[in-house]
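To start, the structure under review is shown below, and the notes come after it.
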Amino acid sequence: MSMFKEIYGNKNVIDELIEGVRSNRVSHAQLFLGPQGNEGLPMAMAYATYLLCEDKGEQDSCGKCSACIKANKWIHPDIHFSFPVITRKSGEKTKSVVWIQEWRQFLQDGAQRNVFDWIQIMNDKLAEKTVRGKQGNITTEECHDIISKLSLKAFEGEYKILIMWMPEYLGAAGNILLNLLEEPPEDTVLLLVAQNQDLILNTLKSRTQLVKINRLSDENIIKACLDKFQLGKEEASKIAHLAEGDINEIENLISNADNDNETLLKEILNLAVSNNGIGISKWVDRIASTGRESQKGFIKYLLQILRECVLFKYGNESLLRLKGAEHVLVEKLSSRLDIEKTELLITILNKKHYYIERNAHPKILFFDLTLLLTELLSDRAISDYKRSYTTMA
Ligand SMILES: [Zn+2]
């Protein structure tokens with residue numbers, strides 16, 4: 001689906017976009033900018049659908065006309081997509097259209113609109129192992145392709161629309177698009193959907209109108225959990241707390257709810273305290289064999305517990321959002337980790353989360369983490385090993 005009603009937050013942005021269309025003030029080059037896990041891409045797609053809908057309502061597209069039906073399947077001939085791609089065969093010049101089938105499937109699957117997941121999906125599809133491990137970019141060939149596609153008349157709709165996801169991946173090729181952005185052909189709307197403005201060419205940025213997309217609030221996420229996933233209130237607020245405004249995390253967290261992170265954590269803490277090498281290596285094997293999302297889920301869970309430890313240490317018990325048994329866990333862990341150790345661990349866990357997302361080797365990563373836990377939970381002073389870990393991680 002590509003409708004505004006599917007967007008959980010950013011109501012003000014939706015209102016402004018609709019108002020722009022209704023008063024005939026559609027800006028021809030817009031930059032949808034928001035942090036990772038934001039609703040930029042669904043927002044751009046809902047907006048494109050609204051622009052093309054043949055029976056627009058005051059708050060949303062109709063969802064029923066032929067334009068809506070095609071847009072909702074991401075096959076409308078006047079909506080073009082550009083996104084980072086990798087080469088399919090060695091020596092081949094690549095364009096986004098080469099991966100369009102996989103891209104539609106990616107949009108269909110919905111939950112994981114994260115560029116690292118997308119690049120992984122493409123890498124997994126490659127038959128030739130030699131070209132795997134590519135990082136993806138939006139190529140020079142793609143930029144020329146965009147210009148030639150948009151020079152044609154619209155096929156069916158009032159507008160022809162380009163949705164470019166992650167213009168951060170353009171590199172210098174982006175310069176090819178400057179004229180297009182400055183003087184787009186008639187009835188053309190260019191929507192760039194980005195996360196990090198520091199990685200976008202200034203010349204591109206200055207030619208677009210900024211549409212700021214905000215992170216979802218806890219209330220937005222709770223609403224999404226209640227409406228879309230029919231969760232109970234308690235579970236919904238727990239997920240909102242863990243998701244930290246990242247829309248991608250909601251479904252991941254729900255599907256990983258069965259993974260008992262609390263048990264996993266208790267096990268590794270006991271193993272670390274008793275310095276049980278065999279047990280630790282079995283535990284590492286087990287977590288390394290789960291999927292990347294579960295591993296990220298575990299790291300997030302441990303981060304949450306550690307933040308609660310910090311609150312607990314400062315006496316802010318009223319802020320603790322924990323189940324009964326987790327209280328005991330936080331108390332025990334707080335007695336072994338002083339603030340300095342806790343903060344070091346939080347810093348390193350954040351880095352681990354980042355590396356898992358970028359496909360770090362899980363066994364090495366978790367083995368390293370258990371070593372650190374063993375050290376931190378021992379009675380040694382932090383100064384003995386702090387330097388080696390801060391430089392290593
Ligand atoms: Zn419609």
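The values are calculated or read from the model by the stated rules, or taken from the named source; none is laboratory data. This is a predicted model, so every value here is computed, not measured. Note that we place each Cβ from the backbone using ideal geometry, even for glycine, and neighbour counts take in every protein chain shown.
Structure values in brief
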| quantity | calculated |
| --- | --- |
| Among (1) at pLDDT 90 or above; (2) surrounded by fewer than 19 Cβ atoms within 10 Å (Cβ to Cβ), the one test that LEU320 misses | (1) |
| Residue in the stretch 100-110 that is within 15 Å of the ligand (Cβ to nearest atom), under 29 Å from GLN197 (Cα atoms), of a type in the set (Val, Ile, Thr) and surrounded by 15 or more Cβ atoms within 10 Å (Cβ to Cβ) present | no |
| Residue list for the stretch 15-67, restricted to those being touching a residue at least 24 places away in the same chain (Cβ under 8 Å), more than 16 Å from the ligand (Cβ to nearest atom) and either in contact with a Cys (Cβ under 7 Å, 6 or more places away or on another chain) or within 23 Å of LEU180 (Cα to Cα) (or both) | VAL26, SER27, HIS28, ALA29, GLN30, LEU31, PHE32, LEU33, GLY40, LEU41, MET43, ALA44 |
| Subset of the stretch 213-237 [in a helix (DSSP H, G or I) and buried (at least 16 other Cβ atoms within 10 Å of the Cβ)] | ASN220, ILE221, ILE222, LYS223, ALA224, CYS225, GLU235, ALA236, SER237 |
| Positions within the stretch 68-87 being part of a helix (DSSP H, G or I) and surrounded by fewer than 24 Cβ atoms within 10 Å (Cβ to Cβ), in sequence order | ILE69, LYS70, ASN72 |
| Residue within the stretch 81-89 that is within 13 Å of the ligand (Cβ to nearest atom), in contact (Cβ under 8 Å) with a residue 24 or more places away in the chain and in contact with a Ser or Thr (Cβ under 9 Å, 6 or more places away or on another chain) present | no |
| Residues of the stretch 88-100 satisfying the condition of being in a helix (DSSP H, G or I) and either in contact with a strand residue (DSSP E or B) (Cβ under 8 Å, 6 or more places away or on another chain) or modelled with pLDDT of 95 or more (or both) | SER96, VAL98, TRP99, ILE100 |
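Yes or no, residue by residue, for (1) free of Cβ contacts under 8 Å to residues at least 60 places away in the same chain; (2) farther than 25 Å from ASP117 by Cβ:
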position: ASN276; (1), (2): yes, yes
position: GLY291; (1), (2): yes, no
position: GLN295; (1), (2): no, no
position: LYS300; (1), (2): yes, no
position: ILE346; (1), (2): yes, no
position: GLU357; (1), (2): no, no
position: LEU371; (1), (2): yes, yes
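Listed here are the residues, each with its yes/no results for (1) touching a Leu at 6+ places or on another chain (Cβ under 9 Å); (2) part of a loop (DSSP other than H, G, I, E, B); (3) in the same structural domain as ARG358 (by TED's automatic domain parsing).
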site	(1), (2), (3)
GLU186	no, yes, no
VAL193	yes, no, no
ILE239	yes, no, no
LEU242	yes, no, no
VAL284	yes, no, yes
